[in-house]
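Here is the structure we will look at.
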Amino acid sequence: MTTTRSNPNRKAVRRGPRPSPPMPNLISTKEHRRFCEFADTVRGSRYIGVCYGPAGVGKTLSAHSYARWPEQRPLLEMPHALADWFHAGANRPDWHTVLYTPLINTPPGRALTDLTDLTNRHAMVRARNIDDPKRETNLHGASLYTELVIIDESERLTTRALEQVRDFYDRSSLGLILIGMPGIEKRLARYPQLYSRIGFVHHYRTLAADELATVLTMAFAHLGLGIPDAIATEAIAAINRTTAGNFRLVTRLLEQAERVMKLNDGVDRITAEVIDAARDALGIGTS
């Protein structure tokens, strides 16, 4: 049996920031616009807001877009990346929102530490952009320059972690949005001290049939498919039956439909038959 020993003289490799996972192209749907209006209101009033909805409707995608998180994340989550950014003298847009996704069963202390570190790094970026070298923080360590914190997957927070988040909010001058699955709003109602601070509740819904038709028409045009109206209507109806307006399922289904078309050289349009084949390939039910 052999053992591997670390070399104490070996220099640590300085790794770059891990890239954010690719996000699907965001289409400005009515639900996304409603989320942005909701986030603007919470940010302006500095209340706590709750956003809930089924999986796959676009809650996380809207939050990433609103916070411009794919741009911010490499800087704020990697200290050496932020140092390199300052050293380079680069400028960035005036970001006002940060996004935090807790680990499963995040300990209370970890949630508080993560939020404090995240907002403090965000303070340095904003202070640089508005030419304020002091980069002040409030008594609890939360940035005066952070206007809104969005916590995704908030059902992962334990009761004690939620209390830490409430205390963090009370000692801050920022707005807070908790995003979760349906039922999160009922769970929070069991904690009077937290629930009494909630000013807005937003239900993120699936795409309505008329808006789904608009989104799919845009998607067909983006794919370069000149589909006759009758066939397009038939395909849209098949997609609606399969996905029930779930944005994530729509995205997956269209990607699979494009694959089915490539595998069948003679097919150059999305039909109901193509959608059925894509549905079978994904194992999605029709109900």
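A short reminder: the numbers here are calculations on the coordinates, not readings from a lab. What you are looking at is a predicted structure, and each value in this text was computed from that prediction instead of being measured. Cβ placement follows ideal geometry from the backbone for every residue including glycine, while neighbour counts extend to all protein chains displayed.
Some notes on this structure:
- Net lengthening on full extension, residue 167/residue 68 (0.36 nm per residue, minus Cα-Cα): 33.0 nm
- Coupling constants for segment 70-75 follow from the phi torsions by the Karplus curve (6.51 cos²θ - 1.76 cosθ + 1.60, θ = phi - 60°), and in residue order they are x, 7, 7, 3, x, 7 Hz; glycine and proline get x.
- FRET efficiency for the residue 28 to residue 201 pair, using the beta carbon distance and R₀ = 25 Å, is estimated at 0.65.
- Each of 244, 261, 278 was scored by the projection of its Cα onto the charge dipole of segment 231-282, and the greatest displacement toward the positive side belongs to 244; charges sit on the C-beta of Lys, Arg, Asp and Glu.
- Those aspartates and glutamates that a straight Cα-Cα span of less than 19 Å connects to residue 59, excepting residues fewer than 8 apart in one chain: 31, 37, 40, 71, 152, 153, 155, 185, 211
- The amide H of residue 201, built 1.01 Å from its N in the peptide plane, has 50 as neighbours under 5 Å, considering only residues 5 or more places off or on other chains.
- A Förster radius of 35 Å combined with the Cβ-Cβ distance from residue 218 to residue 101 puts the calculated FRET efficiency at roughly 0.75.
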